[in-house]
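Working notes, structure below.
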Amino acid sequence: MSRNHDFTAKLRWTGNKGTGTSAYRAYTRNWTLESAGKPAIACSNDPLLGGDPALYNPEDMLIAALSSCHMLWFLHLASDAGLIVHSYEDTPIGTGECLPDGTGRFIRALLQPRIGLIPGSDTKLADEVHGRIHNHCFIARSVNFPVRISASYFECNGPD
């Protein structure tokens, strides 16, 4: 039997310069993202679409959510498999396409985790763990573009 649970957020547009959307350039694409009990995050649109490059945009947050979900499941499944992970860092890349009509979408993502394992760890087993994550990760199971993993490992005796 499945269980449903809700995820909530509050978005508040902060880009009204005084005349609202009276003209396309009369407002900014900035907003705040909030969730109960958590600090607000200042956000904007993709800089290619008039957003503030110093702020997170929805595309940044999607690729970060995908990478974060993968990391959390890797840590869980690695622990279950007896792999001891001391560090995990990722530099994910989400590739989008922009169509002539102005619409766009993600067409693929590449996760590039660099993982510190204790000396003598079975990196083949670690790769197998990565291969199982897509069956578990809520975000990966929800996106409609391919997600590829290119993991690298190094020996690590403790947190670095």
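The values are calculated or read from the model by the stated rules, or taken from the named source; none is laboratory data. Everything quoted here is computed from the prediction, not taken from an experiment. FYI the Cβ positions are ideal-geometry reconstructions off the backbone, even for glycines, and counts take in every protein chain you see. Remember, those area values only see protein heavy atoms, side chains included, never the ligands or the DNA or RNA. Shrake-Rupley method; radii C 1.70, N 1.55, O 1.52, S 1.80 Å.
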Residues in segment 92-106, backbone N under 12 Å from the label point at S150 (7 Å along the Cα-to-beta-carbon vector): list them, ranges by number please. 92-94
Taking 25 Å as R0, compute the FRET efficiency from the Cβ-Cβ separation of D6 and A42 and round it to 0.05. 0.55
If you build the Cα gyration tensor of segment 34-133 and take the root of 5 times each eigenvalue, what three semi-axes come out, in whole angstrom, biggest first? 32, 17, 11
With every protein chain in place, segment 1-47: carbon and sulfur % of accessible area (1.4 Å): 53
Compare the Cα positions of N157, P92, N16 along the charge dipole of the chain (+1 at Cβ of Lys, Arg; -1 at Cβ of Asp, Glu; about the Cα centre) and return the one farthest towards the positive end. N16
Nearest 5 is fine: what % of DSSP beta bridges in the chain come out antiparallel, could you say? 70
Please state the charge dipole magnitude for the chain, taken about the Cα centre, from unit charges on C-beta atoms (+1 on K and R, -1 on D and E), reported in debye and rounded to the nearest 20. 600
Under 4.7 Å Cβ to Cβ, no partner at all: give me those cysteines from the chain, in residue order. C43, C98, C156
Quick one: accessible area per residue over the chain, 1.4 Å probe, rounded to a whole number of Å²? 67
Accessible surface of segment 79-160 [probe 1.4 Å, protein heavy atoms]: carbon and sulfur percent: 49
